[in-house]
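Here the structure comes first, spelled out in structure tokens, and everything after it is commentary.
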Amino acid sequence: MSAVAVVTDSTSDLEAADARARGIDVVPLFVNFGDTRFRDQVDLSRDEFYRKLASLKVLPTTSQPTPAMFEDAFRPHVQAGRPIVCLTIMASVSGTINAANTAAQSFEGAEIHVIDSGSAAGGLALLAQHAAELAQSGADVGAVLAAVERDRAVLRGWASIPDLSHAVRTGRVSRAQAFVGSLVKIVPVLRVENGKIEEHARVRTFARAIDSMIDAVALEANKADGARISVIHSHATEEAARVVAKLREKITATVFSMQVLEAGPVIGTHAGQGAVGIFVIPG
């Protein structure tokens with residue numbers, strides 16, 4: 001057992017087996033189909049979610065975990081006297097960090113560090129994985145926190161969706177914007193960094209959007225050896241595989257790790273099917 005506990009939330013989209021192997025505790029968010037509530041990737045698998053998403057006319061909604069759920073994750077570590085590093089999805093898009101902070105206040109005298117990752121999905125996964133690697137290697141909480149701070153500062157992410165109609169249904173793009181976008185075939189590329197989601201580029205095809213993201217990631221990864229890269233997709237396995245192949249062609253520096261993750265129900269609700277994102281922590 002590591003001397004430092006690492007806790008994150010399910011928007012990291014870590015595979016359950018990988019999280020267990022690394023000693024990472026994952027607190028699930030909720031996905032709501034009408035009046036039925038599912039714990040993200042616990043009560044509802046990725047395959048089940050995407051089948052529902054394709055067949056139902058009404059989109060699901062999402063909600064944050066309760067403080068009690070974080071308390072349940074923290075309690076065994078507090079009782080064992082382990083300091084806790086808890087990394088959550090960016091506060092600008094979710095109140096999950098508020099639930100974690102409320103839970104932490106329930107354990108008077110415990111050392112619990114709740115940190116806004118400034119990211120989500122593959123970016124949050126990279127932060128949690130690196131923190132857990134250091135914890136398992138015997139690093140103390142100070143060293144883990146220093147690494148997280150450095151990683152957060154340089155972490156970059158890009159994402160794109162092939163079909164704006166889903167963004168219309170979730171209210172993130174107006175019908176007028178989608179109509180104009182479809183007429184001129186505009187595909188937005190979004191940049192995720194430092195807790196903000198901003199437009200990176202506008203291109204004419206999804207293929208060009210992918211190329212734009214790959215070029216941006218390669219530029220970061222080629223700064224030095226040791227980059228950590230996460231490719232995430234929402235039910236677009238073949239596209240993700242093509243992204244990995246192109247990244248390997250473009251990146252000349254030595255990569256520490258490159259992984260592919262499939263977006264779970266919470267991220268999939270907001271991204272829609274077919275989205276692709278790439279996150280990188282440069283070496």
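Every number here is computed from the coordinates shown, using simple stated rules; none is lab data. Since we're looking at a predicted model, the values are computed, not measured. Positions of Cβ are backbone-derived with ideal geometry, glycine not excepted, and every protein chain shown enters the neighbour counts.
Descriptive notes on the structure:
- Among the listed values (i) 6, 26, 30, 21, 10, 4, 1; (ii) 7, 29, 35, 21, 7, 1; (iii) 7, 31, 41, 20, 1, the one matching P(r) over Cα pairs in 10 Å bins from 0, in percent as calculated from this structure is (ii).
- Net length gained if the chain between Asp72 and Thr237 were fully extended (0.36 nm per residue, minus Cα distance): 56.0 nm
- Packing-based ranking, highest mean first, of 262-271, 218-227, 192-201 given that Cβ atoms within 10 Å are counted: 262-271, 218-227, 192-201
- Using alpha-carbon coordinates, inclination of helix 67-80 to the longest axis of the chain, degrees: 40
- Rounded to the nearest 20 debye, the dipole size of the chain about its Cα centre is 980 debye, using +1 on the Cβ of Lys and Arg and -1 on the Cβ of Asp and Glu.
- Cα centroid separation - the range 20-46 against the range 55-71, whole Å: 8
- Distance in nm between pseudo-label sites at Asp211 and His113 (7 Å out along the Cβ direction from Cα): 4.3
- Straightening the chain between Val244 and Lys223 buys 5.7 nm, computed as 0.36 nm per residue apart minus the Cα-Cα spacing.
- Cβ-based exposure ranking for Thr66, Thr8, Thr96, Thr252, in which fewest neighbours within 10 Å come first: Thr252, Thr66, Thr96, Thr8
- Multiplying the residue separation of Ser137 and Ala253 by 0.36 nm and removing their Cα-Cα distance gives an extension gain of 39.3 nm.
- In this simple spin-label model, placing a label point 7 Å from the Cα along the Cα-to-Cβ direction at both Ser55 and Asn32 gives a separation of 2.3 nm.
- Karplus 3J(HN,Hα) series, Hz, for the range 99-115 with 6.51 cos²θ - 1.76 cosθ + 1.60 (x for Gly, Pro): 5, 5, 5, 4, 4, 4, 5, 6, 10, 5, x, 7, 9, 10, 9, 9, 10
- A straight line joining the Cα centroids of the range 230-263 and the range 138-159 runs 21 Å.
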